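Enquirer: Sharing a structure here in structure tokens format.
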């Protein structure tokens with residue numbers, strides 16, 4: 001161990017020296033539970049969960065909104081309006097380390113996972129912003 005050893009590993013080694021057993025996971029199948037929670041989040045945040053009034057307004061304005069976004073992205077007079085490429089997104093996420101979620105509850109690992117979904121909603125969202 002040295003100054004670069006992660007605290008979790010230091011703590012684990014201290015417990016081993018003290019003769020304490022490693023604690024069992026908080027859930028018997030953390031991967032399964034994680035997937036269940038992700039699905040619950042996806043279901044709860046889906047378009048269908050929005051109030052009818054909001055869905056109606058979104059549908060009414062969708063064509064206009066998409067047209068304005070596409071026009072802004074394609075405006076040659078604004079250099080900031082270049083779409084983000086898949087490669088740029090991957091490179092930026094590779095630089096980010098795994099960390100605890102921020103105030104929004106989102107981790108870089110969560111964002112990386114979402115980029116694997118068909119249509120890459122993260123890339124689409126960033127380009128719409």
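Read the figures in this text as sums done on the coordinates, not as results from a lab. Values in this document were obtained by computation on a predicted structure and should not be read as measured data. As a convention, Cβ positions derive from the backbone with ideal geometry for all residues, glycine included, and neighbour counts pool all protein chains shown.
Enquirer: Could you give the nm distance between label points at residue 128 and residue 96, where each point is 7 Å from its Cα heading toward the beta carbon?
Expert: A separation of 1.8 nm, rounded to one decimal place.
Enquirer: Normalising by the residue count of the chain, find the relative contact order in percent from Cα pairs under 8 Å and 6+ residues apart.
Expert: Relative CO of the chain lands at 11 percent.
Enquirer: A follow-up question, please. Taking Cα atoms, how many degrees apart are the long axis of helix 86-95 and the longest axis of the chain, rounded to 10 and kept between 0 and 90?
Expert: 30 degrees
Enquirer: Sketch the reach of a paramagnetic label on residue 47 as a point 7 Å from Cα along Cα-to-Cβ, and name the residues of the range 53-77 whose backbone nitrogen lies under 19 Å away.
Expert: What the label zone holds, given the 19 Å backbone N cut-off, is 53-70.
Enquirer: Another question, then. Hey, what angle do you get for helix 52-74 against the long axis of the chain, alpha-carbon based, 0 to 90 degrees rounded to 10?
Expert: Long axis of 52-74 versus the principal axis of the chain: about 80 degrees.
Enquirer: Label residue 72 and residue 33 with points 7 Å out from Cα along Cα→Cβ: what is the distance between them in nm?
Expert: 4.1 nm
Enquirer: For the range 83-129, state the average projected area of the convex hull of the C-alpha atoms over all orientations, rounded to one decimal in nm².
Expert: Working: hull surface 13.7 nm².
Taking a quarter of the hull surface, the average projection is 3.4 nm².
Enquirer: Separate question: Take every Cα-Cα distance within the range 70-110, group them into 5 Å bins from 0 onward, and report for each bin the whole-number percent of pairs it holds.
Expert: Going from the shortest bin to the longest, the percentages are 5, 20, 15, 15, 15, 14, 12, 3.
Enquirer: Roughly how many nanometres apart are two label points built 7 Å out from the Cα toward the Cβ at residue 56 and residue 118?
Expert: Placing both labels 7 Å along Cα→Cβ, they lie 3.2 nm apart.
Enquirer: When averaged across all projection directions, what area in nm² does the alpha-carbon convex hull of the chain cover? Don't skip to the end; give the middle numbers.
Expert: Details: hull surface 50.9 nm².
Dividing the Cα hull surface by four gives the mean projection, 12.7 nm².
Enquirer: Another question, if that's okay. Using helices alone, what [θ] at 222 nm do you get for the chain, with -39,500 (n - 2.57) per DSSP H run of 4 or more residues, divided over all residues and rounded to the nearest 500? Numbers along the way, then the final one.
Expert: Numbers: 6 runs with 74 residues, N = 129.
Using -39500 (n - 2.57) per qualifying helix, the result is -18000 deg cm²/dmol.
Enquirer: Okay, moving on. Please give the length that would be gained between residue 107 and residue 8 if that part of the chain were fully extended, namely 0.36 nm times their separation in residues minus their C-alpha to C-alpha distance (nm, one decimal).
Expert: Details: separation 99, 0.36 × 99 = 35.64 nm, distance 1.86 nm.
Using 0.36 nm per residue and subtracting the Cα-Cα distance, I get 33.8 nm.
Enquirer: Can you tell me the 0 to 90 degree angle between the C-alpha axis of helix 7-17 and the longest principal axis of the chain, rounded to 10?
Expert: 20 degrees
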